[in-house]
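The values are calculated or read from the model by the stated rules, or taken from the named source; none is laboratory data. As the structure is a computational prediction, the values presented were derived from the model and not from experiment. For neighbour counting, all protein chains shown are included, and Cβ atoms are generated from backbone atoms with ideal geometry for every residue, glycine included.
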Amino acid sequence: MQLSRRQMIFGAGALACVIPRVSWAAGGADGLIAALSGDVSYVVADLASGKILGARNAEKAMPPASTVKAITSLYALETLGGGYRFATRLIATGPVSGGVLQGDLVLAGGGDPTLTTDDLGDMAAQLAASGLRGVSGRFLVWGGALPYAPEIAGDQPIHVGYNPAISGLILNFNRVHFEWRRAGKGWQVGMDARGERFQPKAFTAEVALANRKSPLFTYANSGGKEHWTVAASGLNKHGSRWLPVRNPDAYAGDVFQTLARAQGLALPAPRSLRDMPGGTVLVEHRSEPLGVILRGMMKYSTNVTAEAVGMTTSTARGAPAGRGQSGASMGQWLAARMGGSGARFADHSGLGAESRISAQEMVRALAQLGPGMGLRDLMKGFDLRDDAGRKMQNQTLQIEAKTGTLNFASSLAGYMTGRNGRQLVFAIMTADMNQRRRTAGQETPTGSREWIRRSKILQSRLLERWSAL
């Protein structure tokens, strides 16, 4: 394959470079590209100089999938700083007298995407330890730190736990734990807000079994409760999975009420609050620093974390922060930082297939902004695959990257140390959008896993070749 020689500019005041002519032997990566349906785009560049060392369809706008989390990380780090911490507070609107709060108790979320049941359990224990034994007013829940959205992306199956609601209160990544067990001729089923040390029942969600083959799940939201049904024929003897929560404020309030009761503090039924009242902070839980949160997000690719971080960043910048709006705000930021960009983002996680960025623009962002913000240190090591798609043993190449996977879309972007010590930055994007559109709404459509396996093998073969540059 030969690459045409043409000028590529890395942005105003940045690096200018020329794509060289490169001839690769037939087979190998070339054969994988030919066998992979859809589009393949990539760029690899020298990190120090920005010189492009190889490219294919460099300017083609592609769905980045979860590699967009790298851009979200840069967006947040520049605005909030790596030491930023999210705060969840218990606020009293009146004085405490004789162990009784003369006013309302407010559970106020601060957009913390890592808040767990254990954290709420510890907050309840601290509140009880302060001597509080009753509340004369209401128990209120406020999630207005972030604009509410019932889901991240609209084209996902209803039951997948990685597509929950977004709110200023995010408990257990806005997921509820569903467990089932065969019991004689019937079933035992339950839903809880499982933590490592606390396991309260979830009263805002319920599940029932249905005698049907499909659909596997149905969902309804009514009467302040989330109602699930599941096809009994799709269950094995015992198992569990996390289901998405659509009423996050009610869920967090319900769980905290249960945890407080266990500490001897009976609270009224939680009520959602639109406007945050003033008052005195009785207990505050602070998250890990943003840098730690982003490292976990990169490792586990948690979508709701990316959305909460990105929306918090847009809010801090005074930019539109609603679902869809916040992704556009990030795109405008990137264009300003790069001296122009055609990238557009539907969200901060890459779960929405409408986002687009070219391999060239991804490499520009990683090369120009990443080093100064320590992005490489937040990425996890990438495991090369052999020709069968298995992880290679005794890998010698040092690669830190972010993967991205949707049905019939697979991307990889990051940094690599070549065999001669040369530092490289790269982006590889593959997608068959026709196949994706035809299988929209399916959790694992036929052919998608094999297509993604071939894409990941292609990524490995390209990285192996580039290691010698």
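Considering (1) touching a strand residue (DSSP E or B) at 6+ places or on another chain (Cβ under 7 Å); (2) under 14 Å from VAL141 (Cα atoms); (3) part of a loop (DSSP other than H, G, I, E, B), say which one ASP275 fails and leave the rest.
In the conditions (1) touching a strand residue (DSSP E or B) at 6+ places or on another chain (Cβ under 7 Å); (2) under 14 Å from VAL141 (Cα atoms); (3) part of a loop (DSSP other than H, G, I, E, B), ASP275 misses (1) alone.
Could you check segment 329-352 and list, in sequence order, the residues that are modelled with pLDDT of 95 or more and under 17 Å from the mean Cα position of the chain (by Cα)?
Across segment 329-352, the qualifying residues are MET330, PHE345, ALA346, ASP347, HIS348, SER349, GLY350, LEU351.
Taking segment 124-176 only, how many residues are farther than 21 Å from THR204 by Cβ, among the polar types (S, T, N, Q) and in contact (Cβ under 8 Å) with a residue 60 or more places away in the chain?
Residues flagged as farther than 21 Å from THR204 by Cβ, among the polar types (S, T, N, Q) and in contact (Cβ under 8 Å) with a residue 60 or more places away in the chain within segment 124-176 amount to 3.
Here are GLY414, GLY350, GLY327, GLY331: which of them is of a type outside the set (Val, Ile, Thr) and part of a strand (DSSP E or B)?
GLY414
GLY318: free of Cβ contacts under 8 Å to residues at least 60 places away in the same chain, of a type outside the set (Asp, Glu) and part of a helix (DSSP H, G or I), yes or no?
No.
Being within 15 Å of TYR415 (Cβ to Cβ) and part of a helix (DSSP H, G or I) is the filter here, so list the residues in segment 42-68 that pass it.
THR67, the sole residue that qualifies.
I need a count of the residues in segment 414-469 that are over 23 Å from LYS380 (Cα atoms) and free of Cβ contacts under 8 Å to residues at least 12 places away in the same chain.
Qualifying residue count, segment 414-469: 4.
Tell me which residues, restricted to segment 289-325, are within 13 Å of GLY350 (Cα to Cα), out of contact with any strand residue (DSSP E or B) (no Cβ under 8 Å at 6 or more places or on another chain) and surrounded by 19 or more Cβ atoms within 10 Å (Cβ to Cβ).
MET297, THR302, ASN303, THR305, ALA306, GLY310
Just to be sure, is TRP242 surrounded by 13 or more Cβ atoms within 10 Å (Cβ to Cβ), assigned to a strand (DSSP E or B) and modelled with pLDDT under 95?
Judged against the criteria, TRP242 is not a match.
Is it the case, given these coordinates, that ALA269 is in contact (Cβ under 8 Å) with a residue 12 or more places away in the chain, in the same structural domain as ILE152 (by TED's automatic domain parsing) and either surrounded by 20 or more Cβ atoms within 10 Å (Cβ to Cβ) or assigned to a loop (DSSP other than H, G, I, E, B) (or both)?
yes
Based on this model, can you work out whether ALA308 counts as under 25 Å from TYR162 (Cα atoms) and at pLDDT 95 or above?
Judged against the criteria, ALA308 is a match.
Please work out which residue is farthest from HIS348 (Cα to Cα), limiting yourself to segment 360-406 and to residues that are of a type in the set (Val, Ile, Thr) and outside any strand (DSSP E or B).
Across segment 360-406, the extreme among qualifying residues is THR396.
Can you tell me which residue among VAL106, VAL160 is assigned to a strand (DSSP E or B), buried (at least 18 other Cβ atoms within 10 Å of the Cβ) and touching a strand residue (DSSP E or B) at 6+ places or on another chain (Cβ under 8 Å)?
VAL106
Can you tell me which residue among LEU412, LEU406 is aliphatic (A, V, I, L, M), in the same structural domain as TYR300 (by TED's automatic domain parsing), within 21 Å of ASN163 (Cα to Cα) and touching a helix residue (DSSP H, G or I) at 6+ places or on another chain (Cβ under 9 Å)?
LEU406
Which residues, counting only those in segment 111-137, are among the charged types (D, E, K, R) and either part of a helix (DSSP H, G or I) or surrounded by fewer than 17 Cβ atoms within 10 Å (Cβ to Cβ) (or both)?
Answer for segment 111-137, where residues must be among the charged types (D, E, K, R) and either part of a helix (DSSP H, G or I) or surrounded by fewer than 17 Cβ atoms within 10 Å (Cβ to Cβ) (or both): ASP118, ASP119, ASP122, ARG133.
Considering GLY404, GLY389, GLY414, GLY374, which residue is of a type outside the set (Val, Ile, Thr) and touching a Pro at 6+ places or on another chain (Cβ under 9 Å)?
Every option except GLY404 fails the conditions.
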